[in-house]
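What follows is a set of notes on a single structure, which appears directly below.
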Amino acid sequence: MVKIHRFCRRRHWLWPTETQLKAHFKQRFPLHSQTVQAIIEKFCATIDGVRTKRKHGDKQVRYPWRFRRYFNPIFKGQALKIQGQHLLLPSGRGREPIRVHLPEAMPTGRVVQAELGFGALYLTITHELAEPVLPESGKAGGLDIGVIHLGMVCDGEEAVAVSGRGLRSVKQGRAKVQATLRKKRARTKPGSRRRKRLNRARYRTSQKVKRVIRNALHHAANQIVEFCLAYGITILYVGDLGTLNDKKRHRRSRRTNQEVGTWEFGRFEQYLEYKLRRHGIQLIQISEAYTSQTCPHCGHLNKVAGRTYHCRACDYRAHRDGIGAVNILNKGMYSGEIRPGEFLVPQRITYRRPVPLKRALRRRCG
């Protein structure tokens, strides 16, 4: 495969595809057909990885060029068989399989892949985790996900707000840097060294900020999980934001569209779901319609302006995101109905920051 691919590259021909390679090498070697396919798939994945890196400006990486004398064959799980304490590695039709003795302390699970090395066998084993058993009766909480605060979680008595202002500033800084680099790139010629340097700078900045954002979301999810464990919450209700980017239903300003476009609520919910599942806490999505406008004290609807919610009917004042959290909890407890007076925003709200983002941004992207 290395020889064929290098032959086509040097002559600027079309590179052979994965399907063409599989058809060309079919029944040419004393190997199992799935082993040949696995090696071809690994080779094509390497080609795609090198192509992606070179496209983003990393010209030091090379396509496969070395003729290896030894290469670890790969055996897919569909063709593997276990007989007692031995694993049978197929060698193709009409040939005896390779018998490998397995240790007694073999981990439980299903073997999905085996890679035969020099004096070693590398196994890939999958193990399905049992679903945690939820208690019959437990405490519930409400979570309001936002931009200013990544998450405001409340159980009716205590509340914690994880700040998202630092994360928003990181995203705004990335947008400004990317805009500056785009303007400089527009004044360069295609294929020039300066354009290539600018492309590499854009890619590095994007990747660094992406890592900072991922780290902050993980820390924010961990803080919410710690709150649930500290106060015995077993069910956490969160607003369903799946229709947030529906342009037909929402008409927003340009700045709001920019904030919502960079709002990674899906990833944040994904982190929360698997972190909560580890501790037997269930995450349930419910409709968040009118949860930020309904007064939890009297049930009157109000247009919200600013960070403080003010009800014109009963003069009730509270934190805006706290209103959304207690109303989500209220709807989850009473089958989608907000009952006035059941849950109110706690007087004491603990504010936390995920990580010191300013220092991290200066160190990584300065």
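The values are calculated or read from the model by the stated rules, or taken from the named source; none is laboratory data. Values in this document were obtained by computation on a predicted structure and should not be read as measured data. Note that we place each Cβ from the backbone using ideal geometry, even for glycine, and neighbour counts take in every protein chain shown.
The rows are residues; the columns are (1) surrounded by 13 or more Cβ atoms within 10 Å (Cβ to Cβ); (2) farther than 22 Å from V225 by Cα; (3) in contact with a helix residue (DSSP H, G or I) (Cβ under 7 Å, 6 or more places away or on another chain).
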| residue | (1), (2), (3) |
| --- | --- |
| G266 | no, no, no |
| Y274 | no, no, no |
| H297 | yes, yes, no |
| A313 | no, yes, no |
| P354 | yes, no, yes |
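Against the definition (under 22 Å from Q27 (Cβ atoms) and loosely packed, with under 10 Cβ neighbours inside 10 Å), how does G119 come out, yes or no?
No: the conditions fail for G119.
Taking the stated definitions as given, is T188 at pLDDT 90 or above, more than 30 Å from G280 (Cα to Cα) and not charged (D, E, K, R)?
yes
In segment 83-98, is there at least one residue being under 19 Å from T124 (Cα atoms) and either in the same structural domain as R195 (by TED's automatic domain parsing) or within 31 Å of the chain's Cα centre (by Cα) (or both)?
No; the residues of segment 83-98 include none that is under 19 Å from T124 (Cα atoms) and either in the same structural domain as R195 (by TED's automatic domain parsing) or within 31 Å of the chain's Cα centre (by Cα) (or both).
Looking only at segment 34-50, filter to residues that are charged (D, E, K, R) and in contact (Cβ under 8 Å) with a residue 12 or more places away in the chain; which one of those is farthest from K22 (Cα to Cα)?
Out of the qualifying residues, it is K42.
Collect the residues in segment 307-319 that are closer than 21 Å to G164 by Cα and modelled with pLDDT of 90 or more, keeping them in residue-number order.
Correct list: T308, Y309, A318, H319.
As an exercise: evaluate L21 against (1) exposed (fewer than 13 other Cβ atoms within 10 Å of the Cβ); (2) assigned to a helix (DSSP H, G or I) and give the number of the one condition it does not meet.
L21 satisfies all of (1) exposed (fewer than 13 other Cβ atoms within 10 Å of the Cβ); (2) assigned to a helix (DSSP H, G or I) except (1).
Sort through R197, R174, R168 and tell me the only one that's of a type in the set (D, E, K, R) and either in a loop (DSSP other than H, G, I, E, B) or at pLDDT 90 or above (or both).
R197
Determine which member of the set L143, L217 is in contact (Cβ under 8 Å) with a residue 12 or more places away in the chain, in contact with a strand residue (DSSP E or B) (Cβ under 9 Å, 6 or more places away or on another chain) and either not in a strand (DSSP E or B) or not hydrophobic (A, V, I, L, M, F, W, C) (or both).
Only one candidate qualifies: L217.
Could you check segment 28-60 and list, in sequence order, the residues that are in a loop (DSSP other than H, G, I, E, B) and of a type in the set (D, E)?
Hit for segment 28-60 is D58, nothing else.
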